[in-house]
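Inspection log for the structure reproduced underneath, given as structure tokens.
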Amino acid sequence: MEPFFQTVLESPRHIPPAVWISFGAAFSLMWGVKVVRWLLSKPETFPYGVIPSLLTETERHFAEALFDAVDELETTVPTCYVAIKPRLADVFQTEVTGGGRGEYIRHFARISQKHVDFLICDGETFQPLAGVELDDPSHERPDRVRRDALVEAVFEAAGLPLVRVPTARRYSVKELQRRLQPHLSGSRASLAPVSPAG
């Protein structure tokens, strides 16, 4: 047996601390490599499943009336398309003239995880024409009140109409048409087109 290992076995207390530290580091590294290899050898998993519906039962009930209202308006306004729950970051672009990338990220983050319930678009150009929010009782919570105030401020700043509709047992298609028609009558030429971000 080598003298060094014989000394370790016979008198472990005489081994300098630096040697024990080296042994510990080598042992940890060896097991660390084994663990990494084991993790890399495991097949990657994707724990996802399809949701039953994009809309809740309350939202589906309202959507039927909204779609009917938009369909019947198509005799007097250009063909429209109704998008369901688009992210605000997909509807609005963040335009920051100063402050650098940090300022851009701050403003983008405010809208990146928020959506609008419905978005009515021009059926040919897909230009957004108006947003529609269905207000159920949850919108009375303080956090939702703050969220709604932010969403309204974003729509107003961009010059895009936002129509808020409280939940109800029944919805009047005629009333929805009355509220939507001013925002859908024409191509919204009064709103200057927004150039894509560079």
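Computed from the coordinates by the stated procedures, all read-outs in this text should not be read as laboratory data. Just so it is clear, the structure is predicted and the values come from calculations on it, not from any experiment.
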Which aspartates and glutamates, on any chain, are close to residue 85 with Cα under 16 Å apart, when same-chain ones fewer than 8 places away are left out? 57, 59, 64, 117, 133, 135, 136, 148, 152
Phi angles of the range 136-145, converted by Karplus (6.51 cos²θ - 1.76 cosθ + 1.60, θ = phi - 60°) into ³J(HN,Hα) in whole Hz with x for Gly and Pro, give 8, x, 5, 6, 8, 5, x, 5, 6, 4
For residue 125 and residue 96 in the same chain, what is the full-extension length gain: residue separation times 0.36 nm, less their Cα-Cα distance, in nm? 7.9 nm
